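In what follows, a single structure is set out as structure tokens and then discussed.
Read the figures in this text as sums done on the coordinates, not as results from a lab. Quick caveat, the model's predicted, so the values are computed rather than measured. All Cβ positions, even for glycine, are placed from backbone atoms using ideal geometry, and neighbour counts span all protein chains on display.
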Amino acid sequence: MARLDLGVAQALTLDGQAHTARALWNLLHEYFTFRQGRFATLKDCDQAIRQARQDIDWMGQLPAQAAQAVLKTYRQAWANFFNPDHPAERPTFKSRGRSRMAVDVPQARDLQIKRINRRWGVVNLPKIGRVRFRWTKDLPGVTKGGPAGRITGARLVKEAHGWNIVFRTETLIAPTPAVHPGPSVGIDRGINVALALSDGTMREHGPWLTDGEREHLRRLEKKSARQRRTRIPDRPISRRLARTYAQIAKARATAKRRALDWQHQTTTELAGTFSTIVVEDLKITSMVRSAKGTVEQPGVNVGQKSGLNRAITAEAWGRTVTLLEYKSADRGGRVVKVPAPGTSQTCHQCGHRDPGNRARTVFTCKNPGCGWAGHADSNAAININNAAGTVVSGRGDLGATRSAKRQPPRAA
């Protein structure tokens, strides 16, 4: 994903195209699902789009190829829904406030990509013109000496910081990499220490936002709370509140980009150093479940649990493993998942397991014959590495059952 350097007029034009693409999706959904007697065919939808572009003036601001891409994406959404092996939800209407703004450029010949210097390239966007974009990596078929392959299209996506371009590429299948010659390592993911390794080293990071940025975000959140008090129920939010929400989203996106940058750099270093990386098979969704409880049985320590949930979510443990998996595979290594219970309570020296062994970040074995003491996260990482041969329990067949949400729609 590369950031686009758009002017004010270009950004407004692209916003209009994205809103038109969303409206076209909703019109297609209504046309496809509410026809009398049968569902609309691909030919029917294509003719309806062509007629709409003639009858509705604002529909013409979306390029014709982008409109056809909306139809293709919509049809693929239904195909994924009916596929029992694909866990996709039923296609539905896209709301203005919750849907992601995006525009497709399906044909690569319209892009005319060229690199102008070390940091920037230029690309041609339909009805927008020539636009600079941040050059972040080599593109197949464009960069001399870059990866073999070609660019097949692009997708324009709006994030909190502005518009970005994502290139679709086709690359030649790389040969199977040689087996990684490095050692094995266990990794314990935590909050106080982001990544603790079984070799005694740690990978840590500072706060994602500076003190001034955190104070600015706090004031924005208080400002949004004051503005929500005057909001009329069941009415659209005011422009002032929408602007405050956008500023909050931009501040949080800054933190996320810095976190992702740290994760990429750290996982690249780990995948290049170790042949086998062993991690716990954590059920993160269950770990961050709310402790509020019910009216009959209210939860306890709800505030503390909420803070813990936010801290776990901010570390993005699942994304770290995802990055390690594909980067290790590219370098001839592998990632092994082992059962999580007991790794933080068991002494790696003698195997004695006791909940009292760990006191925050300090581990002290209660076995009188051992008495080992050290950092608790390093001890857990060693236990994780030693459990590399343990088989993780199966997850079951996702396609064995079909929920009520995935039943075929009925004709109107």
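So the values come out like this:
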read-out	value
Using alpha-carbon coordinates, inclination of helix 8-33 to the longest axis of the chain, degrees	90
Value in Å of the Kirkwood radius, where the stretch 105-171 supplies the Cα pairs that are averaged	12.3
By average C-beta atoms within 10 angstrom, highest first, the peptides 148-157, 215-224	148-157, 215-224
Rounded Å value of the spacing that divides the Cα centres of the stretch 282-360 and the stretch 77-155	35
Peptides 311-321, 198-208, 268-278 ordered by average Cβ neighbours within 10 Å, highest first	268-278, 311-321, 198-208
Whether the stretch 233-373 is rounded, prolate or oblate, judged on the alpha carbon gyration tensor where a/c under 1.5 counts as rounded	oblate
Theoretical FRET efficiency, 1/(1+(r/R0)^6), r = Cβ-Cβ of residue 309 and residue 41, R0 60 Å, to 0.05	0.80
Rounded to 10°, Cα long-axis angle of helix 302-315 versus longest principal axis of the chain	70
Given 223/250; 158/250; 127/158; 337/366; 137/327; 158/283, the pairs whose alpha carbons are separated by over 22 Å	337/366; 158/283
Overall Cα dimensions of the chain, principal axis frame, Å, largest first	85, 63, 51
Anisotropy class of the stretch 2-98 from Cα gyration tensor, a/c 1.5 cut	oblate
Value of [θ]222 nm, deg cm²/dmol, for the chain, DSSP H segments ≥ 4, -39500 (n - 2.57) each, nearest 500	-12500 deg cm²/dmol
For the stretch 41-123, diffusion coefficient by Stokes-Einstein and Kirkwood Rh (Cα), 4 °C, 1.567 mPa s, µm²/s	83
Entries in 114/144; 43/72; 72/114 that, when Cα-Cα distance is taken, lie over 20 Å	72/114
Tilt relative to the chain, helix 64-82 - C-alpha long axis, 0 to 90 degrees, to 10	50
